[in-house]
Structure formats: structure tokens, C-alpha cells
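Engineer: Below is one structure. I have some questions about it.
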Amino acid sequence: MVLDRVDQPRDLKGLSIHELYQLAAEIRSQLIATVTVNGGHLASNLGVVELTIALHRVFDSPRDKLIWDVSHQSYVHKMLTGRKRDLASLRQYRGLCGFAEPKESPHDVFGAGHASTSISAALGMALARDLAQESYHVVAIIGDGAIGGGMAFEALNHAGHLGTRLLVILNDNGMAISPSTGALARLLNRVKLDPRYQRAKEDAKRAIFKLPLGGPVWALSKRFKDSLKYALVPASIWEELGFDYIGPVDGHNIEELEAALRGAQGKPGPVLLHVLTRKGKGYPPAEADAVGFHGVPPNSGAVAKAPSYSTVFGETALRLLREDPRVVVITAAMLEGTGLTKAAQEFPHRVFDVGICEQHAVTLAAGMATRGLVPIVAIYSTFLQRAYDQIIHDVCLQNLPVVFALDRAGIVGDDGKTHQGAFDLSYLRCIPNMVVAAPKDEDELRHLLFTATRAGCPMAIRYPRGSGWGVPLQPQLQELPIGQGELLRQGQDAAIIASGVTVYPALEAAQLLSQEGIECAVVNARYVKPLDAQLILRMASQTKRLLTVEENVQAGGLGSAVLELLTGSGLEGVRVHHLGLPDQFIEHGPQQLFRSQFGLDASGIGRGVRSLLGEAVLQTGMAHESQN
């Protein structure tokens with residue numbers, strides 16, 4: 001196998017063109033075998049195999065800097081930079097990260113996980129290079145979905161203004177997670193949908209080469225090729241921004257790619273190389289369904305016991321669209337991920353996919369809310385961070401009735417530290433006018449969403465990744481009074497105040513503790529803001545011991561809210577312990593592993609209660625455990 005002979009980029013230099021295509025086939029085979037087992041981003045990596053090979057043939061990584069936007073498509077890059085033997089550990093606990101990770105290799109020069117950052121980072125590196133009077137190349141590889149993000153255009157604008165030597169490769173496959181949206185995507189699609197450019201160029205080339213001195217004539221025919229290209233290709237956009245435009249280039253033709261890359265190397269200023277690729281290339285199922293194979297779940301053999309929270313959200317949003325004409329839904333390039341595909345099909349004029357533009361999504365919702373609509377903004381917890389100013393300034397400051405549905409809140413698992421939804425309770429709870437809720441199960445999610453559309457103020461609902469608990473879904477949606485918690489279990493020894501995904505483990509812990517003679521009350525703090533002050537103070541007064549449990553960083557979350565409440569209450573002698581996520585970025589690994597590690601499962605909550613009650617009880621509990 002050719003792949004056996006390639007451990008570092010330098011090993012690519014001596015390969016023949018036949019061997020390079022054989023290598024591409026072997027890489028695809030390895031990707032399919034690994035990702036269909038481990039899970040991960042399959043279609044996007046299959047689409048950049050030849051491009052990655054060409055990049056490492058032409059450039060000298062890590063001296064030359066390759067910055068992958070989002071970096072979910074960097075698996076091939078990892079394989080060619082000394083990590084192919086570790087590919088089986090991809091996205092596994094303590095294994096290879098599914099994104100670029102500078103701690104993993106010097107070839108990963110910039111950590112990523114969110115879109116539209118690569119050009120800014122690359123420009124920063126290029127400017128640092130120039131200030132140090134060095135000469136290496138800097139390359140940003142960005143997709144047509146990510147380049148539509150505002151940050152990417154800010155960086156393009158700045159780079160074009162400065163005239164800094166920089167190469168931006170536009171990997172154009174017509175897709176983000178879903179098909180790319182927007183006017184820019186429509187312009188780029190002219191290249192793929194209209195074959196006249198490539199056909200006309202090839203016909204002209206064949207005709208000219210039949211003439212005497214045909215080769216030199218073709219080489220000098222730039223004016224003809226440019227006029228043909230400009231008739232069909234949106235080159236002027238990039239050139240007006242100050243970039244030298246090259247393309248479009250076949251992203252699966254290694255010779256053509258290498259020629260274009262070497263041509264770009266010699267340019268003195270910023271260059272945009274437009275590369276056309278096919279997402280899922282070489283794997284028929286992924287070519288036929290690039291959306292479905294964008295992110296592949298791990299093949300664990302387990303069967304989901306209940307529909308996912310995302311599915312339940314999507315079905316509830318569809319019901320609300322049918323029943324309430326004021327409701328509209330907005331998402332940012334994640335219709336499938338948030339469960340909104342059916343809603344978009346039935347209500348194409350009331351479900352808006354704005355592309356990878358979270359800031360725009362939030363202020364768009366604010367504008368709609370001023371005119372009497374009730375927008376539901378469905379964005380993953382980790383991505384909503386990108387629109388923080390808009391949440392504060394454009395929504396909450398004006399107290400507009402925008403509903404935020406935060407999917408993937410808490411521990412997300414294999415996507416790791418760039419995607420963990422660890423901060424939303426903290427970053428939302430501190431904003432005036434914002435209501436923050438966390439359902440204990442999928443049925444409560446439905447009722448909270450219904451409540452939020454009638455709340456008349458900003459309201460955020462955060463819910464986890466993965467399957468629900470399998471509880472029955474009540475046919476009638478009902479409003480859950482804002483600020484009202486739920487006492488699920490009585491107990492006089494301590495009270496567990498739990499939110500969201502930790503509520504059922506808290507109930508399980510209380511049941512186990514009861515077998516040891518420890519009786520714990522359990523409160524579902526479905527509203528983290530405003531808290532049910534009356535209920536929590538009553539529990540504090542009765543038990544004098546509170547354990548708060550949340551799948552959020554401890555700083556600023558539910559535990560902090562309870563302490564703030566107690567501080568102003570005048571109650572004395574109340575002991576409070578917190579369980580939550582630590583003050584660190586959490587790596588990739590199974591959700592349950594981290595829940596166990598951080599004491600957020602039933603066993604950990606039980607230990608937390610014993611610790612809260614004191615050493616004597618702790619020893620008694622440990623003795624009881626040893627007897628079992």
C-alpha cells in the first residue's frame with residue numbers, strides 16, 4: 001500500500017501521479033472504515049482528499065501554515081502528518097481529536113471547531129511573519145458555507161486592504177452541514193450548475209493546440225480565458241475585495257490543484273483559489289446523501305430507547321407553527337441537527353436558515369419580534385456564544401419576546417471542547433429580562449417551549465444532546481408558570497436542587513440513599529432564572545443542607561444562583577455544596593464517562609449528599625456500600 005510509505009508530508013514528494021491517486025483511494029478506504037465505527041465527519045473529509053494531498057506536496061508544513069476552517073475536515077491532514085496509526089482512536093477518550101488540535105501536532109497550527117475563523121487567524125499569522133521579516137506561506141482553507149459568515153468577510157476586507165501575502169482556498173462543495181444558503185452560495189453555484197465554462201475552455205484548448213505553436217498561444221490566451229471565466233464565475237467579488245482570483249479548479253484533479261497552488265505561491269499579495277469539490281467523494285452513500293453523512297454517529301450497536309431531544313423539539317416547533325401564526329423559526333445552518341427539516345418543508349416561508357451567521361440570526365429575530373412575531377431561534381449552545389452581544393443589546397435590552405432553543409447544552413461527548421455546551425446557564429443568567437429554563441425530560445421541553453412562545457419576554461431553554469428518557473408525551477401542551485419549580489420527592493435530611501439532565505439521576509440517588517436511611521428531598525429547578533425562591537428557601541429551612549446539581553460550569557450557574565438567594569434571605573446555618581462542571585475545557589469522550597467523572601450521575605450525587613451531611617454519615621454510607 002502507498003499509505004504505508006507515507007508518515008510525513010515529505011514522503012509525498014517522490015510519489016508518481018499514479019501513486020498519488022492510489023494513495024487517495026487508500027485514504028478514503030481508511031476514512032470510511034474508521035469513521036463509520038467511531039463516528040465523526042465523513043462526507044467533508046472524503047471531499048478534501050486530493051486537495052489535502054496537493055497542499056502537503058506543494059507547501060512545507062509545519063513551516064508553512066495550513067489553517068483549516070472549522071477543521072472538521074482535517075482527518076486526511078492528520079493522516080499525512082504522522083497520525084495515521086492513531087486514526088482508530090479518533091474522537092475516542094484520550095485519542096485523536098476530531099478537530100485541529102495544536103497540542104496534538106505542530107502541523108495543527110490553530111485550534112478550531114467553530115466556523116469562519118480561519119482567514120482572521122491566517123491574516124494574523126501572515127502579519128506576524130511580515131513583522132518578523134520571515135518568508136513562510138500562510139494558507140486558510142475555508143468552505144463555501146463558512147465563507148458566508150460575517151467574520152470571514154471582515155477578514156477578507158482587512159486582508160484585501162492591507163495587501164498582505166496570503167492564500168485563501170475556497171473549498172466549494174455547495175454545502176455547510178446542509179446545502180449552503182444565501183446570495184453568495186447562489187453565485188458560486190453558477191459554476192457547478194453551468195458546465196459551459198469548463199466545456200468551452202476544453203474545446204478552445206483542443207482547437208488551439210491543433211494550430212502551429214498552439215501551446216505558447218494557449219499559455220498567452222489569458223485574456224480569452226478571463227473573459228470566459230468572468231461571464232460565468234463570480235471572480236469580481238473577490239477582486240473588488242483586493243484578492244487575486246484563481247479558478248475554478250477541479251478539487252479532485254491533483255495535477256490541476258498543484259499547478260494552481262504553485263501559481264498562487266508566486267503572487268505577492270492576497271490570493272483566493274476557488275476549488276470545486278464533491279462532498280462524500282468516492283463513497284456512493286455519502287455522495288448521494290451528503291447531509292446525512294456530514295456527521296456519522298458511532299456504531300455502538302445500541303438502540304435509542306427514546307426520541308432525541310432534537311427530534312422532540314422539531315416536532316413541537318412544527319406543532320406551534322401550525323397552531324400559532326405568530327411563530328417563526330430561525331436556525332444557523334443546522335436545520336437537520338436541530339430537528340427542523342419537516343418544519344422547513346411544511347413552512348418554507350416561516351422557517352429561516354440564515355447560514356453560519358449566528359449574530360445575524362439573533363438580530364433578525366429581534367427585528368421580527370418588534371413587529372409582533374414570536375421567533376424561535378434554534379442554535380446549539382456552543383454556537384450561540386457567537387451572538388452574545390446581539391442577545392444582550394438587540395433582544396434583552398429591548399425586552400423582546402425571542403425564544404432561544406439551545407440544543408447540545410451540557411456535555412456533548414465526542415466533539416469535545418469546542419462543542420461542549422458548558423457555559424450557557426452562566427452567560428444567560430446574568431442578563432436582565434432573560435428567563436432561563438432547563439427541562440428535566442423531553443415532555444417538559446415541549447411544555448417549556450409552549451410557555452416561552454407566550455411569555456412576552458426573552459426566554460432561553462437549554463436541553464442536552466441525545467435521547468430523552470422515554471417518558472410519555474402529554475397530548476395537551478400547557479404553560480408552566482415562570483419561576484415555579486417542582487418538588488419531586490420529600491425528605492428531611494437534605495435537599496437536592498437539580499436542573500435539566502441531572503434531575504433523574506438526582507431522583508435515583510435519593511432512592512439509593514433512602515436504603516441507607518438518608519431521606520433527601522429532590523427539587524426540579526426547571527427555571528434557573530428566576531428561581532423558585534419560595535420552594536428553595538423552604539427546603540433550606542427544613543433540611544439546612546442543600547446540594548445543587550447542574551451540567552454547567554459551577555461559576556455563575558444554578559449553584560451560584562442558589563447561594564445568591566440564600567445570601568439575601570437571612571437564613572442561617574444552611575450548608576450548600578455544588579456539583580457541576582469544573583473550571584476547565586472538557587476534552588472529547590463519552591457523555592456518561594464525564595458525568596461519572598464529575599459526579600453528575602446517581603453515584604456521584606449520592607457521594608455529594610453524604611459529604612454534605614458529614615463524616616459520620618459518609619462513613620456509614622461507605623460501610624453500607626461495602627456490605628453490598
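The values are calculated or read from the model by the stated rules, or taken from the named source; none is laboratory data. Values in this document were obtained by computation on a predicted structure and should not be read as measured data. Cβ: placed from backbone, ideal geometry, glycine included. Neighbour counts: every protein chain shown.
Engineer: Name the residue that is surrounded by the most Cβ atoms within 10 Å (Cβ to Cβ), counting only residues in the range 276-287 that are at negative phi and either in contact with a helix residue (DSSP H, G or I) (Cβ under 6 Å, 6 or more places away or on another chain) or assigned to a loop (DSSP other than H, G, I, E, B) (or both). Show your work before the answer.
Structural biologist: Here is the first cut: in the range 276-287, the ones at negative phi are 276-279, 281, 283-287.
Narrowing the set further to residues that are either in contact with a helix residue (DSSP H, G or I) (Cβ under 6 Å, 6 or more places away or on another chain) or assigned to a loop (DSSP other than H, G, I, E, B) (or both) leaves 277-279, 281, 283, 286.
On the way: Thr277: 26, Arg278: 18, Lys279: 24, Lys281: 21, Tyr283: 19, Ala286: 28.
Once the filter is applied, the top-ranked residue is Ala286.
Engineer: Cβ-Cβ below 7 Å, separation at least six or inter-chain, first residue in the range 314-326 and assigned by TED's automatic domain parsing to the domain that holds Leu373, second in a loop (DSSP other than H, G, I, E, B) and among the small types (Gly, Ala, Ser): which pairs?
Structural biologist: Once the first residue is assigned by TED's automatic domain parsing to the domain that holds Leu373 and sits in the range 314-326, its partners that are in a loop (DSSP other than H, G, I, E, B) and among the small types (Gly, Ala, Ser) give Gly314/Gly339; Arg326/Gly372.
Engineer: In a loop (DSSP other than H, G, I, E, B), at pLDDT 95 or above, among the hydrophobic types (A, V, I, L, M, F, W, C) and not assigned by TED's automatic domain parsing to the domain that holds Cys97 - does that describe any residue in the range 600-618?
Structural biologist: Within the range 600-618, the subset in a loop (DSSP other than H, G, I, E, B) is 600-601, 614.
So of that shortlist, the ones also at pLDDT 95 or above come out as 600-601.
Retained after the next criterion (residues that are among the hydrophobic types (A, V, I, L, M, F, W, C)): 600.
Imposing the further condition that a residue be not assigned by TED's automatic domain parsing to the domain that holds Cys97 reduces the set to 600.
Yes, because at least one residue in the range 600-618 is in a loop (DSSP other than H, G, I, E, B), at pLDDT 95 or above, among the hydrophobic types (A, V, I, L, M, F, W, C) and not assigned by TED's automatic domain parsing to the domain that holds Cys97.
Engineer: If I filter the range 333-350 down to residues being of a type in the set (D, E, K, R) and closer than 18 Å to Pro307 by Cβ, which single residue comes out as nearest to the chain's Cα centre (by Cα)? Explain how you work it out, then say what you get.
Structural biologist: Step one: of the range 333-350, the residues of a type in the set (D, E, K, R) are 336, 342, 346, 350.
If we keep only those that are closer than 18 Å to Pro307 by Cβ too, we end up with 336, 342.
Working: Glu336: 13, Lys342: 21 Å.
Filtering first and then ranking leaves Glu336.
Engineer: Among the candidates Val435, Val354, single out the residue that is assigned by TED's automatic domain parsing to the domain that holds Ala332 and crowded, with 23+ Cβ neighbours inside 10 Å.
Structural biologist: Val435
Engineer: Among the residues of the range 65-110, write down those that are out of contact with any strand residue (DSSP E or B) (no Cβ under 6 Å at 6 or more places or on another chain) and polar (S, T, N, Q).
Structural biologist: Matches in the range 65-110: Ser71, Gln73, Thr81, Ser89, Gln92, Ser105.
Engineer: With respect to the numbered conditions (1) surrounded by fewer than 23 Cβ atoms within 10 Å (Cβ to Cβ); (2) under 22 Å from Val2 (Cα atoms), which one is the sole condition not fulfilled by Val76?
Structural biologist: (1)
Engineer: Follow-up. Hey, can you tell me all the residues within the range 288-339 that are closer than 24 Å to Gln92 by Cβ, of a type outside the set (S, T, N, Q), at pLDDT below 80 and assigned to a loop (DSSP other than H, G, I, E, B)?
Structural biologist: If the condition is that a residue be closer than 24 Å to Gln92 by Cβ, of a type outside the set (S, T, N, Q), at pLDDT below 80 and assigned to a loop (DSSP other than H, G, I, E, B), then Gly292, Phe293, His294, Gly295, Pro297, Pro298, Gly301, Ala302, Val303, Ala304, Lys305 are the ones that fit.
Engineer: Oh, and also: Could you say which residue among Asp60, Asp144, Asp69, Asp108 is over 25 Å from the mean Cα position of the chain (by Cα) and not aromatic (Phe, Trp, Tyr)? Quick ask: steps written out before the conclusion?
Structural biologist: On the way: Asp144 fails: over 25 Å from the mean Cα position of the chain (by Cα); Asp69 fails: over 25 Å from the mean Cα position of the chain (by Cα); Asp108 fails: over 25 Å from the mean Cα position of the chain (by Cα).
It is Asp60.
Engineer: Name the single residue that is farthest from Ala452 (Cα to Cα) among those in the range 488-505 being crowded, with 16+ Cβ neighbours inside 10 Å and over 28 Å from the mean Cα position of the chain (by Cα).
Structural biologist: Step one: filter the range 488-505 for residues crowded, with 16+ Cβ neighbours inside 10 Å, giving 488-489, 491, 493-505.
Next cut, over 28 Å from the mean Cα position of the chain (by Cα) only: 488-489, 491, 493-497.
On the way: Leu488: 23, Arg489: 26, Gly491: 31, Asp493: 35, Ala494: 32, Ala495: 28, Ile496: 26, Ile497: 23 Å.
Looking at residues that are crowded, with 16+ Cβ neighbours inside 10 Å and over 28 Å from the mean Cα position of the chain (by Cα), I get Asp493.
Engineer: Considering only residues that are without any contact (Cβ under 8 Å) to a residue 12 or more places away in the chain and assigned to a helix (DSSP H, G or I), which ones fall in the range 130-157? Even if it seems obvious, please write down each step before you answer.
Structural biologist: Of the residues in the range 130-157, the ones without any contact (Cβ under 8 Å) to a residue 12 or more places away in the chain are 131-135, 153.
Leu131, Phe153, listed by residue number.
Each row is one residue, and each column tells you yes or no for (1) in contact with a Lys or Arg (Cβ under 7 Å, 6 or more places away or on another chain); (2) in contact (Cβ under 8 Å) with a residue 24 or more places away in the chain; (3) crowded, with 17+ Cβ neighbours inside 10 Å.
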{"residue": "Pro439", "(1), (2), (3)": "yes, yes, yes"}
{"residue": "Glu442", "(1), (2), (3)": "no, yes, yes"}
{"residue": "Leu449", "(1), (2), (3)": "no, yes, yes"}
{"residue": "Thr453", "(1), (2), (3)": "no, yes, yes"}
{"residue": "Pro458", "(1), (2), (3)": "no, yes, yes"}
{"residue": "Gly470", "(1), (2), (3)": "yes, yes, no"}
{"residue": "Pro475", "(1), (2), (3)": "no, no, no"}
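Engineer: For the range 409-422, does any single residue satisfy the condition of being of a type in the set (A, V, I, L, M), over 16 Å from the mean Cα position of the chain (by Cα) and closer than 19 Å to Gln554 by Cα?
Structural biologist: Of the range 409-422, the ones of a type in the set (A, V, I, L, M) are 409, 411-412, 422.
Checking the rest, the ones that are also over 16 Å from the mean Cα position of the chain (by Cα) come to none.
No, every residue in the range 409-422 fails to be of a type in the set (A, V, I, L, M), over 16 Å from the mean Cα position of the chain (by Cα) and closer than 19 Å to Gln554 by Cα.
Engineer: Suppose we filter the range 343-363 for residues that are part of a helix (DSSP H, G or I) and more than 15 Å from Val327 (Cβ to Cβ); how many remain?
Structural biologist: Here the count works out to 7.
Engineer: Is the range 233-242 home to any residue that is touching a Gly at 6+ places or on another chain (Cβ under 9 Å), on the phi > 0 side of the Ramachandran plot and modelled with pLDDT of 85 or more?
Structural biologist: yes
Engineer: Please go through the range 506-520 and give me each residue that is under 38 Å from the mean Cα position of the chain (by Cα) and surrounded by fewer than 24 Cβ atoms within 10 Å (Cβ to Cβ), ordered by number.
Structural biologist: Selection gives Leu507, Glu508, Gln511, Leu512.
Engineer: On to the next question. Restricting to the range 521-545, and then to whatever is of a type in the set (A, V, I, L, M, F, W, C) and more than 18 Å from Ala602 (Cβ to Cβ), can you tell me which residue is surrounded by the fewest Cβ atoms within 10 Å (Cβ to Cβ)?
Structural biologist: Kept after step one, since they are of a type in the set (A, V, I, L, M, F, W, C), are these residues of the range 521-545: 521-523, 525, 528, 531, 533, 535-537, 539-540.
Add one more test, that the residue is more than 18 Å from Ala602 (Cβ to Cβ), and what stays is 528, 531, 533, 535-537, 539-540.
Values: Val528: 27, Leu531: 22, Ala533: 16, Leu535: 20, Ile536: 22, Leu537: 18, Met539: 26, Ala540: 22.
Applying the filter and picking the extreme gives Ala533.
Engineer: What are the residues in the range 85-111 that are at negative phi, buried (at least 19 other Cβ atoms within 10 Å of the Cβ) and charged (D, E, K, R), if any?
Structural biologist: Listed by number, the residues that qualify are Glu101, Asp108.
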